[in-house]
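Here's the structure, in structure tokens; my notes come after.
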Amino acid sequence: MNTVSRRIVMILAACVIFISLAVLAFWAYTSFQLARAKQQYGVYPTMREGMLAKIEENYQGIIDIQWGADGPNAKDGSNPHIGFITARVWADSRMDGKPVGNDIHDFDFPGSFFLLTREGWVSMPEGAFPEVIGLGMVLFDLAGTP
């Protein structure tokens, strides 16, 4: 094998190794974030039930809840396993003691991403990149069906 052939083989081998490691890292990140969310936030049959649990954990003296957006995060409805839900919450206060509302309105307007696994919906913080995890769920067959 001449020098040029060896270089080509080495470059191809390096590319295969790099791509394999990238896929493995993406699978590990997706799996870790889903497992962490299931343990930390729980699994719910619907996004609304998951959001209600979050609201009950974060507000005291809940007076009223009005549901807002509730469905796939994508406007075209693609990736139905990546959902976003919002609500208007009227309550005495937040659990951290901060008041509810602001100068414009007397309610809070929380929203949250939820991902549909085979077990149900799990809340996913925005900082964990739920849309990226949603892509991993499709690639690694981890997404539930709505």
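Assess whether Ala69 counts as being of a type outside the set (Asp, Glu), buried (at least 18 other Cβ atoms within 10 Å of the Cβ) and either more than 24 Å from Gly136 (Cα to Cα) or in contact with a Lys or Arg (Cβ under 8 Å, 6 or more places away or on another chain) (or both). When the stated conditions are applied, Ala69 does not pass them. Given (1) closer than 30 Å to Phe109 by Cβ; (2) β-branched (Val, Ile, Thr); (3) out of contact with any helix residue (DSSP H, G or I) (no Cβ under 6 Å at 6 or more places or on another chain), identify the lone condition not met by Val9. Failed condition: (1).
Restricting Gly68, Gly101 to residues that are more than 17 Å from the chain's Cα centre (by Cα), under 20 Å from Pro146 (Cα atoms) and small (Gly, Ala, Ser) narrows the list to Gly68.
Here the condition is being of a type in the set (Gly, Ala, Ser), closer than 30 Å to Leu135 by Cα and without any contact (Cβ under 8 Å) to a residue 24 or more places away in the chain; of Gly71, Gly111, it holds for Gly71 alone. Inside the range 10-42, residues that are in contact with a strand residue (DSSP E or B) (Cβ under 9 Å, 6 or more places away or on another chain) and surrounded by fewer than 17 Cβ atoms within 10 Å (Cβ to Cβ) make up a count of 3.
Since every read-out is calculated from the coordinates, none of them should be taken as a lab result. What you are looking at is a predicted structure, and each value in this text was computed from that prediction instead of being measured. In this analysis, Cβ positions are derived from the backbone assuming ideal geometry, glycine residues included, and neighbour counts consider all displayed protein chains.
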